[in-house]
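Colleague: Structure incoming, see below.
The values are calculated or read from the model by the stated rules, or taken from the named source; none is laboratory data. As the structure is a prediction and not an experimental result, all values here were calculated from the model. Methodologically, a virtual Cβ is constructed for each residue, glycine included, from the backbone with ideal geometry; neighbour enumeration extends over all protein chains shown. SASA here: full protein model, heavy atoms, side chains in, ligands and nucleic acids out. Shrake-Rupley method; radii C 1.70, N 1.55, O 1.52, S 1.80 Å.
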Amino acid sequence: MEKVIIVGASSLGRELYSWICTSKSDVTVIGFIDNKQDALSGYDYSVPILDTIDNHIVQGDVSYYFALM
């Protein structure tokens with residue numbers, strides 16, 4: 001299983017999350033990082049915004065999928 005953090009919780013990041021969740025891949029999204037902490041407000045996602053992009057400390061056991069425009 002590949003653990004993933006999506007960088008960017010805007011429309012592109014949310015689309016990527018939805019695609020991953022509906023695919024039959026071996027990928028598990030553990031959360032988003034985004035400088036706008038309320039980027040998921042009004043949406044029903046089972047994963048949180050973990051941190052800001054500026055403050056996040058890179059984790060070696062996680063892959064990062066970038067969804068920035």
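Colleague: So if the hydrodynamic radius of region 1-64 is defined as the Kirkwood radius over C-alpha pairs, what does Stokes-Einstein give as its diffusion coefficient at 25 °C and 0.890 mPa s, in µm² per second? Mind dumping the intermediate values first?
Modeller: On the way: Rh = 11.9 Å.
Result for D is 206 µm²/s.
Colleague: How far, in nm, would the chain grow between Thr52 and Lys3 when pulled straight, counting 0.36 nm per residue and subtracting the alpha carbon separation?
Modeller: Gain on stretching Thr52 to Lys3: 15.8 nm.
Colleague: Also, I was wondering about something else. Sequence gap at least 6, Cα distance under 8 Å: using those rules, report the relative contact order of the chain to the nearest whole percent.
Modeller: Values: 113 pairs, mean separation 32.5, N = 69.
47 percent.
Colleague: On to the next question. If amide hydrogens are placed 1.01 Å from N in the peptide plane, which non-local residues have theirs closer than 5 Å to the one on His56?
Modeller: The answer is none.
Colleague: Here's a follow-up. At 0.36 nm per residue, minus the direct Cα-Cα distance, what do Ser63 and Ser10 gain on full extension? Give it in nm, one decimal, please.
Modeller: Full extension from Ser63 to Ser10 adds 17.2 nm.
Colleague: Got a sec? Charge dipole of the chain, +1 on Cβ for Lys and Arg, -1 for Asp and Glu; which of Gly31, Gln59, Ser18 is way out at the positive end?
Modeller: Towards the positive end, the residue furthest out is Ser18.
Colleague: On the accessible surface of the chain, probed at 1.4 Å, how many percent belong to carbon and sulfur atoms?
Modeller: Looking at the chain in its full context, I get 53 percent from C and S.
Colleague: Rounded to the nearest 20 debye, what is the charge dipole size of the chain about its Cα centre when +1 sits on each Lys and Arg Cβ and -1 on each Asp and Glu Cβ? Walk me through the numbers before you get to the answer.
Modeller: On the way: 4 positive and 9 negative charges, 28 e Å.
For this selection, approximately 140 debye.
Colleague: Okay, next question. Just the accessible area per residue of the chain, please: how many Å² with a 1.4 Å probe?
Modeller: 64 Å²
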